Amino acid sequence: MSKKLTSRSEDYSKWYNELVVKADLAENSAVRGCMVIKPYGFAIWEKMQAELDKMFKETGHQNAYFPLFVPKSLFEAEEKNAEGFAKECAIVTHYRLQNDPDKKGKLRVDPEAKLEEELIVRPTSEAIIWNTYRGWIQSYRDLPLLINQWANVVRWEMRTRLFLRTAEFLWQEGHTAHATKQEALAEAELMNNVYATFAEKFMAIPVIQGLKTESERFAGADETYCIEALMQDGKALQAGTSHFLGQNFAKAFDVKFANKEGKQDYVWATSWGVSTRLMGALIMTHSDDHGLVLPPSLAPNQVVIVPIYKSEDDLNAITEVANGILRNLREKHITVKFDSRTTHRPGAKFAQHELQGVPLRIAIGARDLANGTVEIARRDTLTKKVVALEDLTEKIEGLLEEIQASLFNKALDFRDNHITEVDTFDEFKKVLETKTGFISAHWDGTNETEDKIKALTKATIRCIPLEGDVKEGVCVYTGNPSKRRVLFAKAY
């Protein structure tokens, strides 16, 4: 199959879909709306997982695991949460199959095996977790309770897209309980900061931290914090959310504790999560018409070595040098692969590693051995240079740091150049049509105005930024008073 991709300028959506498949990240499965994450794609997700998990544990959280199934009565206990997810739920109604008497060799649902109560396949785990917490929390001594789980969830999406929106996806979800409102709010803010740090430091993606509007909040939350990123096509992508749940779930599941004065009170809660949607953000922020571009921090292989040889003696000599390079780089905790496959020519290997976004490629041939040099190719700039073997380890360390920083700065420049302040609705519509990106505009704070702008332009309020212009003004649509500017964009 040809590795040539549709260009981003020609069809951004098609470019993305082709890249996910051709770079061997994921593919559609036999189950409608569900994906198979392939080994290379899963290796990137594992690196994300490892870094996030470390950050969670450094902030005092522990991992646990809760059931995939939620009894319907528990799911509907918190009304706003149940209502918010009701249309996306998959439901288990029976527990057994039987041979179909009318169709030989086929099975049917056993009509006698109906469950007494339907089970919801978790779209999120607040209900089952808070029902569990009721037995774990009795006293202020049991608080704070800081739990995370790595899991899969199901949200029955009708229009799906690999990584960005699938019926089943992988994620982590934190669920914490606190003695005071202030502690819970601080936790929600802390975890949003953790997500922002991860996005910027490891994914090399600049993000804007903010609050969601009432209509965009998580169902059952009093406040939703978020990080918003901007993709190369000018659309926004919500990369992570952290929710202050107030006492809503504690009251729904009767989770009380005895405070230091011996009085009973409901606990305060948060939940927060990121998912395999981050893979889509990573792809769309950095990649180009040649394929993936991966930041070194998350690349499965930060360096690949490709031998160029004519004889077996050449290969043996190159292999000996390559093994030395491998040892030196691994001592520096750099992930490196020696591509010694005899089934592929060097050109095919170069094309594959370029498509899969390996940050640095080293080519070694017989002439390089004679000269004591190697050729290094950078994936981000597609430039090459010859480096002396004796300087190689230090040079690679420096280049990997440079690539990581360069990718972030390039994305930051793009994002900052695509935040446009407007004061009229005509300007608003013109930016959407010609420039795209984030639009900074005044909003009167009403759901009605928010809904009307969305209906007319398909742009939504991505967030109320935690930093930025807080000067009062007039709403871009109604002309009514506005407390501050918010960020609008079309979004994934």
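Suppose R0 equals 51 Å. What FRET efficiency, 1/(1 + (r/R0)^6) with r the Cβ-Cβ distance, do residue 330 and residue 32 give to the nearest 0.05?
Working: r = 43 Å, r/R0 = 0.84.
Efficiency computed from Cβ-Cβ geometry: 0.75.
Under 5 Å between amide hydrogens, built in the peptide plane, is the criterion, and for residue 462 it picks out 487, 488, 489 among residues at least 5 positions away or on other chains.
Kindly give the semi-axes, whole Å and largest first, of the ellipsoid equivalent to the chain, taking each as the square root of 5 times a Cα gyration tensor eigenvalue. Display every interim value, and only then the final one.
Numbers: eigenvalues 375, 181, 120 Å².
So the three semi-axes of the chain are 43, 30, 25 Å.
With a probe of 1.4 Å, find how much accessible area segment 186-264 has per residue, and write the answer as a whole number in Å².
Details: 2650 Å² over 79 residues.
In whole numbers, segment 186-264 has 34 Å² accessible per residue.
Backbone phi angles across segment 63-78, fed through the Karplus curve with coefficients 6.51, -1.76 and 1.60 (θ = phi - 60°), yield HN-Hα couplings of 8, 9, 9, 10, x, 6, 9, 10, x, 4, 5, 6, 4, 8, 5, 9 Hz in residue order; Gly and Pro are listed as x.
The phi-based Karplus calculation (6.51 cos²θ - 1.76 cosθ + 1.60; θ = phi - 60°) puts the 3J(HN,Hα) values of segment 41-52 at x, 5, 4, 5, 4, 4, 5, 4, 4, 4, 5, 5 Hz, whole numbers, x for Gly and Pro.
Centroid-to-centroid, using Cα positions, segment 66-101 and segment 433-467 are 35 Å apart. Residues in segment 63-180 average 55 Å² of solvent-accessible surface per residue, probe 1.4 Å, ligands and nucleic acids excluded. The sum of -39500 (n - 2.57) across all DSSP H runs of n ≥ 4, divided by the residue count of the chain, sets its helix-only mean residue ellipticity at 222 nm to -11000 deg cm²/dmol.
If you place +1 on the Cβ of every Lys and Arg and -1 on the Cβ of every Asp and Glu, how big does the dipole about the Cα centre of the chain come out, in debye to the nearest 20? Can you show the working numbers first?
On the way: 65 positive and 71 negative charges, 224 e Å.
For this selection, approximately 1080 debye.
In plain terms, the chain from residue 427 to residue 88 could stretch by 118.4 nm, reckoned as 0.36 nm per residue minus the Cα-Cα distance.
Just the protein heavy atoms count here, and of the accessible area of the chain at 1.4 Å, carbon and sulfur take up 48 percent. Full extension of the chain between residue 215 and residue 394 yields a length gain of 59.3 nm, computed as 0.36 nm times the residue separation minus the alpha carbon distance. In the full protein context, segment 265-331 carries 34 Å² of accessible surface per residue, based on a 1.4 Å probe and ignoring ligands, DNA and RNA. With a/c under 1.5 counting as rounded, go ahead and sort segment 5-79 into rounded, prolate or oblate using the C-alpha gyration tensor (a ≥ b ≥ c being the square roots of the eigenvalues; past the cut-off, prolate if a/b is larger than b/c, else oblate). The shape class here is oblate.
Per-residue 3J(HN,Hα) values for segment 407-419, derived from phi via the Karplus relation 6.51 cos²θ - 1.76 cosθ + 1.60 with θ = phi - 60°, read 5, 5, 5, 5, 5, 5, 4, 4, 4, 5, 6, 10, 10 Hz in sequence order (x marks Gly and Pro). The angle separating the long axis of helix 425-434 from the principal Cα axis of greatest extent in the chain is about 30 degrees. Students often forget the sequence filter, so: which aspartates and glutamates lie under 14 Å Cα-Cα from residue 54 once same-chain residues fewer than 8 apart are removed? The reachable aspartates and glutamates, counting only those whose Cα sits under 14 Å from residue 54, are 46. A probe of 1.4 angstrom, applied to the heavy atoms of all protein chains, finds residue 158 with accessible area near 140 square angstrom. By definition, a body whose alpha carbon gyration tensor gives a ≥ b ≥ c is prolate when a/c is 1.5 or more and a/b is larger than b/c, and segment 48-131 fits this prolate description.
Residue 261 to residue 314: extension gain in nm, 0.36 nm per residue of separation minus the Cα-Cα distance? Numbers along the way, then the final one.
Working: separation 53, 0.36 × 53 = 19.08 nm, distance 7.93 nm.
Extending this stretch completely gives an extra 11.1 nm.
Note on segment 126-277: lysine pairs with Cα distance below 24 Å, sequence gap of 8 or more or different chains, count 11.
Taking amide H positions as modeled 1.01 Å from N, with prolines and chain starts lacking one, the residues under 5 Å from residue 482 and 5 or more places away or on another chain are 473, 474, 475.
The values are calculated or read from the model by the stated rules, or taken from the named source; none is laboratory data. Note that the structure is a prediction, hence the values are computed from the model and not measured. For neighbour counting, all protein chains shown are included, and Cβ atoms are generated from backbone atoms with ideal geometry for every residue, glycine included. Note: areas computed on protein heavy atoms with side chains; ligands, DNA, RNA excluded. Shrake-Rupley method; radii C 1.70, N 1.55, O 1.52, S 1.80 Å.
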